[in-house]
Structure formats: C-alpha cells, structure tokens
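Coordinate-derived values only; no laboratory data. Just so it is clear, the model here is predicted, and its values are computed rather than measured. Here the Cβ positions follow ideal geometry from the backbone for every residue, glycine too, while neighbour counts run over all protein chains shown.
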Amino acid sequence: MAGILILNGSPRAPRSNSRRYAELFAKASPVPTETVNITRTNHGELCAKAARYHDVLLVFPLYADGIPVSLLNFLKSWQDRLPPKKPRISVLINCGFYEPEQNDVAVAMIEQFCRRTGCTLGAVLKIGSGEAILDTPFVFLVRRRIRALAAAVTAGRPRVLQVTMPIPKRLFVAASAVYWENYGRRSGISKRQMQSMDIEPQPPVT
Ligand SMILES: Cc1cc2nc3c(=O)[nH]c(=O)nc-3n(C[C@H](O)[C@H](O)[C@H](O)COP(=O)(O)O)c2cc1C
C-alpha cells in the first residue's frame with residue numbers, strides 16, 4: 001500500500017514523547033500515514049496491517065541503552081509473520097540524554113532485526129535531549145530534521161540523521177539536574193533518595 005505505517009513502540013504510547021514525534025512526522029510526510037500504538041495484545045492485528053505497507057516507521061524511546069521490551073516483544077512476533085515481500089523499516093528514536101549517539105545500540109538492534117529477517121533498513125533519525133527539546137524554542141530543529149526524515153523515507157533513501165539541543169553539554173546537565181530535583185521534590189523524594197538504588201523499602205526477611 002502507498003503510504004507509511006507508523007508504529008509507536010513506547011511503553012507509555014498514548015502520552016509519550018514518541019506520540020508527539022509521530023504526529024510531527026505525520027504532518028511532515030508528503031504521503032499518507034497511519035499511526036498505531038504497539039500494545040501487549042495487538043501484535044496479530046499489527047502484523048496483518050504491516051503486511052499491507054511497503055514502508056514502516058518505528059517510533060520509540062531509548063530504554064536502558066536499548067529498545068523497550070514492548071517493542072522487542074513485538075519484533076519477536078513480527079519476525080514469524082512477515083509477508084514474502086519484506087517491508088522497509090525506518091527508525092525515529094529519541095532518548096533523554098544529550099547525545100544522539102546514545103541511540104546507536106538501539107538502532108543496531110533494529111539493523112540486526114532487518115539483517116536476520118531480510119527486511120531493508122530505511123532512513124534513521126536519532127534525537128538526543130528528546131524528553132526536553134519539544135518544549136523549548138529548539139523544536140524548530142526537530143521539525144526540520146523530521147521533514148528531512150519524511151522526505152528520505154518517501155524517496156527510499158537510507159539517510160542517517162540526528163539532532164539535539166544546540167547548547168553546551170554542561171548547561172544541559174545542570175538544567176536537567178534542576179528539573180529532576182524539582183520533579184522529585186513535588187513527589188516528596190529527595191535528591192539523595194533519587195541517587196540511591198532503592199526503589200521502595202524492602203519488607204523484613206522472616
Ligand atoms: C525505564 C527508562 C529507561 C530509560 N533509559 C534511557 C537511557 O538508557 N538513555 C537515555 O538517554 N534515556 C533513557 N530514558 C529516557 C527516555 O528515552 C526519554 O524520556 C524518552 O523521551 C521517553 O520517550 P517516550 O515518552 O516516547 O516513552 C529512559 C527512560 C525510562 C523510563
């Protein structure tokens with residue numbers, strides 16, 4: 001089918017940054033798009049839908065230096081249900097850290113999926129500071145890169161693009177620290193607690 005199927009692989013898809021990135025992509029795309037969230041229960045439906053598209057765009061966040069488990073589980077289902085004419089898979093990934101290169105391992109995981117299944121890896125956009133950049137004046141840089149990604153996907157060009165906030169790294173780290181400390185304070189959690197490995201008090205061992 002002409003057009004692009006966008007799959008949102010964020011575990012919090014309905015209120016995710018990936019949703020916002022997918023919306024920007026849909027707006028920038030010169031061809032029609034359809035967006036669906038990956039859930040635990042819709043793999044069969046998604047595999048059937050994906051079989052009707054030549055181009056699939058995976059939009060997802062970086063989780064612990066890799067792809068989120070929700071996306072990993074979908075890929076496990078998809079690998080056994082790919083059509084004879086394999087799709088071209090493009091990637092729009094965002095991470096919380098400043099450097100777009102943080103996303104390289106996750107992109108390599110998708111590359112490996114393509115190699116093993118005979119799919120083609122299409123264009124890639126790696127976004128650093130992806131949690132923050134959408135609500136800053138630098139959002140225009142993201143829009144510009146997403147337009148370039150949409151053009152590359154449509155033309156079938158395997159471009160690799162990246163974007164992050166154009167500020168010194170030290171300033172980004174300082175601003176992030178203030179953001180997360182305030183966030184913790186609002187939830188009654190101190191900086192010290194956030195720095196510890198304890199998630200919640202453990203029950204006494206009996
Ligand atoms: C469990 C978890 C693990 C994460 N791991 C990383 C990481 O390894 N590196 C990074 O830069 N950001 C990491 N992040 C930040 C997310 O990539 C970032 O917040 C992103 O914008 C979330 O996108 P989403 O709203 O589409 O899920 C992590 C976030 C969570 C919740």
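Brief remarks on what is shown
- Of LYS49/LYS86; LYS49/LYS76; LYS49/LYS126, pairs whose Cα-Cα distance is over 19 Å: LYS49/LYS126
- Counting only lysines at least 8 places from LYS191 when in the same chain, those with an alpha carbon closer than 24 Å to its own are LYS169.
- The C-alpha atoms of the chain define a longest principal axis, and helix 139-155 lies at about 20 degrees to it.
- Antiparallel content of DSSP bridges confined to region 4-164, in %, to 5: 5 percent
- For region 102-111, backbone phi angles converted through the Karplus equation (6.51, -1.76, 1.60; θ = phi - 60°) give residue-by-residue couplings of 4, 7, 4, 5, 5, 5, 4, 5, 5, 4 Hz, Gly and Pro being listed as x.
- Rounded to whole Hz, the Karplus (6.51, -1.76, 1.60) HN-Hα couplings of region 185-199, x for glycine and proline: 4, 4, 9, x, 10, 7, 4, 4, 5, 5, 7, 7, 8, 6, 8
- Net lengthening on full extension, VAL160/ASP198 (0.36 nm per residue, minus Cα-Cα): 9.8 nm
- Per-bin percent of Cα-Cα distances, the chain [5 Å]: 1, 7, 15, 18, 19, 14, 9, 7, 5, 3, 1, 0, 0
- In terms of surrounding Cβ atoms within a 10 Å radius of their Cβ, LYS126, LYS85 rank from fewest to most as LYS85, LYS126.
- ³J(HN,Hα) computed for each position of region 31-36 - Karplus, 6.51 cos²θ - 1.76 cosθ + 1.60, integer Hz, glycine/proline x: 10, x, 10, 10, 10, 9
- Estimated dipole of the chain in Debye, rounded to 20 [Cβ of Lys and Arg +1, of Asp and Glu -1, Cα centre]: 500 debye
- Between the residues GLY188, ALA175, MET165, the greatest Cα displacement towards the positive end of the dipole of region 125-199, with unit charges on the Cβ of Lys, Arg, Asp and Glu, is found for MET165.
- Extension gain for ASN42-THR120 works out to 25.7 nm (0.36 nm per residue, less the C-alpha to C-alpha distance).
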